1. Does at least one position in region 708-717 carry a residue that is more than 29 Å from the chain's Cα centre (by Cα), over 22 Å from Tyr774 (Cβ atoms), open to solvent by 20 Å² or more (accessible area, probe 1.4 Å) and small (Gly, Ala, Ser)?
2. Is it true that some residue in region 245-252 is polar (S, T, N, Q), in contact with a Lys or Arg (Cβ under 6 Å, 6 or more places away or on another chain) and under 25 Å from Asp777 (Cα atoms)?
3. Could you list all residues from region 312-355 that are in a helix (DSSP H, G or I) and of a type in the set (Asp, Glu)?
4. Listed residues Gly719, Gly809; which is under 24 Å from Ser84 (Cα atoms), in contact with an Asp or Glu (Cβ under 8 Å, 6 or more places away or on another chain) and part of a strand (DSSP E or B)?
5. Tell me whether region 416-425 contains one or more residues that are more than 26 Å from Glu124 (Cβ to Cβ), part of a strand (DSSP E or B) and either modelled with pLDDT of 95 or more or open to solvent by less than 10 Å² (accessible area, probe 1.4 Å) (or both).
6. Residue pairs, Cβ under 7 Å, 6 or more apart or interchain, first in region 534-545 and farther than 24 Å from Val492 by Cα, second among the charged types (D, E, K, R). List them.
7. Gly783: farther than 27 Å from Val92 by Cβ, buried (at least 16 other Cβ atoms within 10 Å of the Cβ) and in contact with a helix residue (DSSP H, G or I) (Cβ under 7 Å, 6 or more places away or on another chain), yes or no?
8. In region 75-101, which residue that is surrounded by 24 or more Cβ atoms within 10 Å (Cβ to Cβ) and of a type in the set (Gly, Ala, Ser) is modelled with the lowest pLDDT?
Amino acid sequence: MAGIRASRFVATSFAAISIASIAPAQENTIQPAPLAEPAPAATSGTAGDEIVITARRRDESSLAVPVAVTAVGTAQIERQNITSLSDLAKVVPGLKVGEVSGGVGGTIVLRGVGTTAGSNPSFEQTVSTNIDGIQLSRGSALRLGQIDMRTIEILKGPQALFFGKNSPAGVISVKTADPGDKLEVTARAGYEFNARETRADFVLSTPVTSTLGIRIALSASSMEGWRINDSGPAQAAANAIIPGAVSGYESRGPDKLFYFGRGTLKWQPTSDFDFRGKFTYSRDNGVGYQQSGGFQRIYCPNGMAFQANQAAALNGGVANAALASALAADNCKADNHYANGNINPNFLAGSPGLSNPAGVGNYLQIIGSGEINYRPSSAFTLTAISGYVRQTEFRYDTYGNAPSDAVAALDFYGRTRYTQLSQEIRLASTFDGPINFLVGAYIDDTKLTTNTVPLVNGAVFDHRIDGNAYSGFAQATWNILSDLELAGGARVTREKRELGIKRNGVPQPLSVTHATFDNLSPEGTLTYRPTQRLTFYGAYKRGFKSGGFATPVNGGPPIAAPGPNYLYKPEKVRGFEIGAKALLLDGTLRLNSAAYSYLYSDLQVNSLDNSTGAPVIRVTNAAAARVKGIEGDFVFRPREISDFDLHGALSYNHANYSDFLATCYIGQTIQMGCDQNPNAAGVFQGQQLAGHALVNAPRWNAGIGFNIERPLGSRLKIGVGSDGVYKSSYNPHPEAAPGARQKAVWFLDGSVHLFRDDRLWDVALVGRNLTNEYRVDVASNAGQTGIGARTGTSLAGGLADLNGNVNRGRELLLQFTIRPGVR
């Protein structure tokens, strides 16, 4: 029935747009503008601020571009205080952004497709991030915020033609602000009450000469944390049984400092040449991830946290039920409470340079970019973008999810360093005739070094992965008629990967050390625009995400020859979508709708099994998955009510595996579906997940909201806004453990702004997640819980406790902004 309702919804959307546009089309005497030209900026009473979209590497209006895109402009970024990619999940239904521990950094899911994040730092995102033309496909970018953003484009579906590798599910494209032609100074200070977070931002932008401008953006914040550690009561009860059982804990988390700075230089000596250089530095310093992140125990099959192994280790290897009960402080729910103690000082003693019992999580990101645009004539534009990216991470913590730290096997430190050099060159034509083209080439050189080492007596396995990518792309557009455009193109890509592993400096044997991946991703789009206010399009697309090598070794003996094979296969997608965009009711109503169907093959799945204490990273390829659905959104700005808009979105997304022989979750019996792939002893090890939804793939997503401004006296104004985002139920566990399933939820945000009409100053109260709802975006097994020997048998009672990364709770931010340059 849901599929029938979805089909009716998209059919109705397309029909409504078509019918509503007939009358304006008959009366409109203005000739349609070329499809690639941006429409004029919206005026009062027009539905939505017109944002220039660069999805096809040229400037187009959001109404004209034949791509499913959600664009967030400067006004919305400021109004909703969007300072990180994670904040976008509250703005865009169907988008999920989550941070995890380890070098993988996090995960982005769009239309139900994304990289499942365990702790494999070699994994790249299925939804990539592009910041000022620099392609980033690693989740580490999610940890470090982006300040002073001008526009954000969320491009849905495969984007291989224009954005290249690792974008088979979409791209988040960020354009940061450039210098303007006048002095601009903005200072902002804010305090968020629930997390006890203090924040300050500063922006200075000024022309130096008539052809040269600079812009500097700075930000710093300090947070005590929105999570409450319940290890206090456990400490008293446990230490009464065995003194020193709980050696210490942090009262709140995340406890961290954040620093950010970006410098921009823009030089345009002539109308034919311009240069834009940007350098971004961001650092996040805090305690260990268990204290500073959102990871906690979310499900306990026995009704309370399993702490028998911790208790036995504290009691000389002998079971102690009373101590286990005292340590079971975690309520096993997704909320703002967790129970995690500090690292045992005895385990730190054997690790020189590691001294903080609360652990450490230090993350650094540097992005440098240089863009040159040269127009040798009115018919050609040559663009060159050079990029440098450096990401470094150092972390250590205990992963016991317990008030005590008695099992050294759960304590790790790790280092990850990633560097990327890239170069892209594009040549675009702007002929007066019906045919134009864009051609380009892209290369990059990447180096990843990483290790995760047991804190006590751990051998250091250094993984090094060197990579190179070479690609060329071309697209031609043909205006068959003044209102009909055919565009076609393709990108050809070759990627190389090389893996080397050293144990304590000694090279280890591996059966496969080199891999090359070749791909051709074509794309074709037919766009029909009968008026300047109506666009229909249909597209066929292919996409590609490179294969690679896992980095799973976390200690142990030397690797025996001939060595294992850590190679996983590339991920591919093909399919189509159709869409319609319209500006109706005399420009007061903007409608967008799209329907899509894509087939993914060899979808990369990453999961973490730490039930034995020593984490085992599993990397598998799901044979096939089908993702299909419909989506629509609107913005309504009635002329009768000035400075008011009503906006909303609704999507139905059916993202299911059609063939995936997955590993079983811990304690999954034959009766529960663990009935595939028996080992030599006849114990089953696999389950068939065909028909199951993908990880983090709710069927329904929706959003509704409004904004309104009203005068208060001669110079004052007040602005009020609210947004609600709905997600239906979903499962964030890679093996679909039922205990991890998340219920449907509404998230509610709101803001109130009091400001002078010239924006000289602004006082705002911004609320996010006002209903204080908590959901999980990444789930895995809790360390040393469950009975692995019962997995794949008929013996019940072996289910593991589950951990999850929980979203931030209610935020109440009081913020003051001043712009002394405004007159």
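1. yes
2. no
3. Scanning region 312-355 gives no hits.
4. On inspection, the qualifying residue turns out to be Gly719.
5. no
6. Going by the 7 Å Cβ cut-off, the qualifying pairs are Thr535/Arg529; Thr535/Lys581.
7. Judged against the criteria, Gly783 is a match.
8. Ser101
The values are calculated or read from the model by the stated rules, or taken from the named source; none is laboratory data. Computed from a predicted structure; not experimentally measured. Here Cβ is always computed from backbone atoms with ideal geometry, including for glycine, and neighbour counts include all displayed protein chains. In case anyone asks, the SASA skips ligands and DNA or RNA and just uses the protein heavy atoms, side chains included. Shrake-Rupley method; radii C 1.70, N 1.55, O 1.52, S 1.80 Å.
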